[in-house]
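> Below: one structure in structure tokens.
Throughout, read-outs are computed from the coordinates displayed, never taken from laboratory work. Keep in mind that what you see is a predicted model, and the values were worked out from it rather than measured. Here the Cβ positions follow ideal geometry from the backbone for every residue, glycine too, while neighbour counts run over all protein chains shown.
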Amino acid sequence: MAEKDISIIHPRPSSIVAALYTLRDLNVDVAILHGPPGCSFKHARLLEEDGIHVVTTALDENGFVFGGREELSTLLCKVNEMFNPKLIGVVGTCASMIIGEELSEPVQDANLDVPVIGVEVHAGYPNNTKGVLIALESACDAGVIDDEELERQKVLLEEATNVEKRHGAASKEYLVPSRGDLKYKVAEKVINYLKEGKKCLTIMNAKKETGYMFADITVAINEVAEQLGVSDNVINMANVDDTLGLPRVRHHATSIMNDFREKGIEIHEIIGGMDEYPITGEKVSELIAEKYNDFDFAVITGVPHAIPMDNLQNMDVISVTNGPRQVYPLKDMGHSNVIVEIDLHPKTLGVSNIVESEFGATMRELTKDMQDAEEA
Amino acid sequence: MEQKRIAIYGKGGIGKSSTASNVAAACADEGYKVMIIGCDPKSDSSITLLGGKRIQTILDLLRQKIDVKEEDIVHEGYKGVKCVEVGGPEPGIGCAGRGIIVAIQRLRKVCKSIDDMDLIIYDVPGDIVCGGFVAPIRKGLVNEAYILTSGEYMPLYAANNICKGLAKIDTPLSGIICNSRSVTREEEIVKKFSEEIGSKLMAFIPKEQIVQDCERDGFSVLEKAPDSSVAGVYRELAHAIMSNDSSVLPSSLEDERLRELTR
Ligand SMILES: Nc1ncnc2c1ncn2[C@@H]1O[C@H](COP(=O)(O)OP(=O)(O)OP(=O)(O)O)[C@@H](O)[C@H]1O
Ligand code: SF4
Ligand SMILES: [Mg+2]
């Protein structure tokens, strides 16, 4: 296990960004960043792709000195008129929090009929899950979620933090990014395994909306198996329980399940909700011990480092991640191949259907080529 | 002569602003070109040089997004002393420290006459609560620091802490000024303290009602009561400051020693 107090020096998303995504999952229509213009710009843009409005009070030097109470209350009124929101989130930043800005006062000043979740967060927390936690606590205070959901989320967050410390982005002081193994080579290997009649476990353990693309890998493997006439050799696990999590997260699970069904793909084992990726590991381990001990290889997608290796020792493990810094930690865990779906996240925002992955596309093409060659 | 840029530190309320303005007036009397820059959000440094009038602060104007010019923020007071107030947010709001940094940056940009001054006095608030309040020193604007104290334990305790702070940021101390609160053996105590930290006592200013009377009417002692004995003391202090050319990186005393000294 990693040291508790290592100081991580590679760039990571901040708690502010984590709070923004959490507000998105709570289905706010508008998120206001109370701070300098440009703060968290890249993620703000991505969230706009996902259909929520992100605006900023654009505090300048004057704002830093005199505070931005008026700027914030004016902006609250403005967005209320512009977007007619049903739920608004206000997110603090380093600048506004360091000068001690109160988020509740401007909300009172604006006096809107719309509920507002004020999240007093800055980017100075070593674990960015702190941003999620503060956002959820604020949502609970605002009556948007109940205590039960808050408690459930707290457990998940703690586990998510532990997963990152154990084998993830917080496991080492510095992690080198990598593009992972060649998709072509790994696709060939998977197809050959299937051809040889090897038994395959697909484990999709995706974080929320990223599932829209990781699901495609499950789909592609099943399609290839079908074409090779070995469908029965594939067992699918996925965290697509749509009765768990925040509203938006449940919706993703429903959408993905619908697509699986439409494509005739059976999910044999539902291993949890789409926000449960940090805690599915144990369940997967138990299932393997009980029923799938004799399988030859596993393809794990999403957050592969959350699945313990204990019961996977006898299998060839191939994993697919969207984090370039996750490659070396996964190899260290004993995965024989690690593939990176570069830029996966932006492609899974604002969608409600499975989107094609590069690895899936590669497998499909390669199978076609192989069959064409055999026929010729 | 080389330009003197001084700051007077000391416990809150000990008399920094009134000493600063009286010294400024005394130097102006001698024909020196003097500027006083109030770095306290209270904006009370230059008021007795301006006949009790308050001036627009730099931050007042910046707040209104006015493209400030020298004449907007530099106001001539008693005998041509140039008065500047940084200003700041209301207590409890925003960040006064950041305000000082921003305002001084602006002042240096728009104020041409700053280079012609013989003496610039930065009047800072007593309690240095964050980086902004030491910005004048940290950014190399101040080249001599003075500490004002009485012979009481708490002001000396504060003075001692300031010595630690100055040493930490490598800023030499040019002297200790005693502003009396009529404690027994006061001059002796402060003199001893000055020597033990490696510095020297510059002046002993008695506690006189007239200082407060002049202040209430909006004047320095030098202007309103030039013949009073305390006016003479300020003159001597002004002279001592203008001719002072030695400074030391101060050491500091153990708390036990401080108590002993004031016992
Ligand atoms: N020598 C003196 N005799 C009598 N009264 C004095 C003397 N020196 C200062 N005072 C009075 O003490 C009060 C506080 O002084 P002043 O405002 O200059 O303190 P300060 O150190 O600048 O305070 P702050 O830390 O709040 O800026 C004033 O009313 C002032 O007139
Ligand atoms: S330092 Fe903090 S407030 Fe400033 S841009 Fe970065 S995250 Fe935003
Ligand atoms: Mg003062």
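> One-quarter of the Cα convex hull surface for chain B, in nm²?
One quarter of the hull surface, i.e. the mean projection, equals 13.0 nm².
> Can you pull the three principal axis extents for the Cα set of the protein assembly as shown, in Å, largest first?
Reported extents, whole Å, longest axis first: 114, 54, 48.
> Under 8 Å for C-alpha pairs, at least 6 residues apart: give me the relative contact order for the stretch B:110-263, rounded to a whole percent.
Relative CO of the stretch B:110-263 lands at 25 percent.
> Can you give the relative contact order of the stretch A:90-217 as a percent, counting alpha carbon pairs under 8 Å and 6+ residues apart?
15 percent
> Assign unit charges at the C-beta atoms only (+1 for Lys and Arg, -1 for Asp and Glu), then state the dipole size of the stretch A:12-87 relative to its Cα centre in Debye, rounded to the nearest 20.
200 debye
> Taking only Cα atoms and a 10 Å spring cutoff, compute GNM fluctuations for chain A and point out the largest among A:268, A:251, A:335.
Its mean-square fluctuation being the largest, the pick is A:268.
> Measuring from centroid to centroid over Cα atoms, what is the spacing of the stretch A:7-80 and the stretch B:139-153 in Å?
Cα centroid to Cα centroid, the span is 43 Å.
> List the residues whose amide H sits under 5 Å from the amide H of residue A:273, counting only those 5 or more places along or on another chain, with H placed 1.01 Å from N in the peptide plane.
Here A:241 satisfy the definition.
> Still on this structure: Amide H of residue A:206 versus every other amide H placed in the peptide plane: which residues, excluding those fewer than 5 positions away on the same chain, fall under 5 Å?
A:239, A:303
> For the stretch A:234-242, take each phi angle, set θ = phi - 60°, evaluate the Karplus expression 6.51 cos²θ - 1.76 cosθ + 1.60, and give the result in whole Hz per residue in order, putting x for glycine and proline.
These are the phi-based 3J(HN,Hα) values: 10, 10, 10, 10, 7, 8, 10, 5, 8 Hz.
> Treating only the Cβ of Lys, Arg, Asp and Glu as charged (+1, +1, -1, -1), what charge dipole size does the stretch A:234-302 show about its Cα centre? Round to the nearest 20 debye.
That gives a dipole near 260 debye.
> Over 39 Å apart: what share of the alpha carbon pairs of chain A falls there, rounded to a whole percent?
Roughly 21 percent, once rounded to a whole number.
> Would you grab the residues whose amide H sits under 5 Å from the one on residue B:203? Only those 5+ places off in sequence or on another chain, please, with H modelled 1.01 Å from N.
B:178
> Kindly count the pairs of lysines across the stretch B:125-263 whose alpha carbons are less than 21 Å apart, treating pairs on different chains or eight or more residues apart as eligible.
11
> The stretch B:146-240: Rg/Rh from Cα coordinates, Kirkwood Rh?
1.01
> Just want to confirm a number: the relative contact order over the stretch B:1-73, from Cα pairs under 8 angstrom separated by 6+ residues, in percent.
After rounding, I find 19 percent.
> Give the percent of DSSP beta bridges with both residues in the protein assembly as shown that are antiparallel, rounded to the nearest 5.
Roughly 5 percent of the beta bridges in the protein assembly as shown run antiparallel, per DSSP.
> About the Cα centre of the protein assembly as shown, what is the dipole size in debye to 20, counting +1 per Lys and Arg Cβ and -1 per Asp and Glu Cβ, all else neutral?
The calculation lands at about 2100 debye.
> Here is a further query. Please identify the GluC sites (Glu not before Pro) of the stretch A:1-83 that satisfy two criteria: DSSP loop assignment and at most 15 other Cβ atoms within 10 Å. Which are they?
A:3
> Another question, if that's okay. Could you run the Karplus curve 6.51 cos²θ - 1.76 cosθ + 1.60 with θ = phi - 60° over the stretch A:7-14 and give me ³J(HN,Hα) per residue in whole Hz, x for Gly and Pro?
Once rounded to whole Hz, the list reads 9, 7, 10, 7, x, 9, x, 8.
> Most fluctuating residue of A:197, A:272, A:323 in a GNM of chain A with Cα springs under 10 Å: which is it?
Comparing A:197, A:272, A:323 in the GNM, the peak value goes to A:197.
> For chain A, modelled as a Gaussian network with Cα springs under 10 Å, which listed residue fluctuates most, A:215, A:170, A:110?
A:110
> For the stretch A:88-176, rounded, prolate or oblate, judged on the Cα gyration tensor with a ≥ b ≥ c (square roots of eigenvalues), a/c < 1.5 rounded, else prolate if a/b > b/c?
Note, shape of the stretch A:88-176 comes out oblate.
> Shifting gears a bit: What ³J(HN,Hα) values, in whole Hz, does the Karplus curve 6.51 cos²θ - 1.76 cosθ + 1.60 give for the stretch A:161-167 when θ = phi - 60°, with x put for Gly and Pro?
4, 5, 4, 5, 6, 5, 9
> With a cap of 14 neighbouring Cβ atoms within 10 Å, and only residues DSSP puts in a loop, list the trypsin sites (Lys or Arg not before Pro) found in the stretch B:85-177.
The qualifying sites are B:112, B:139.
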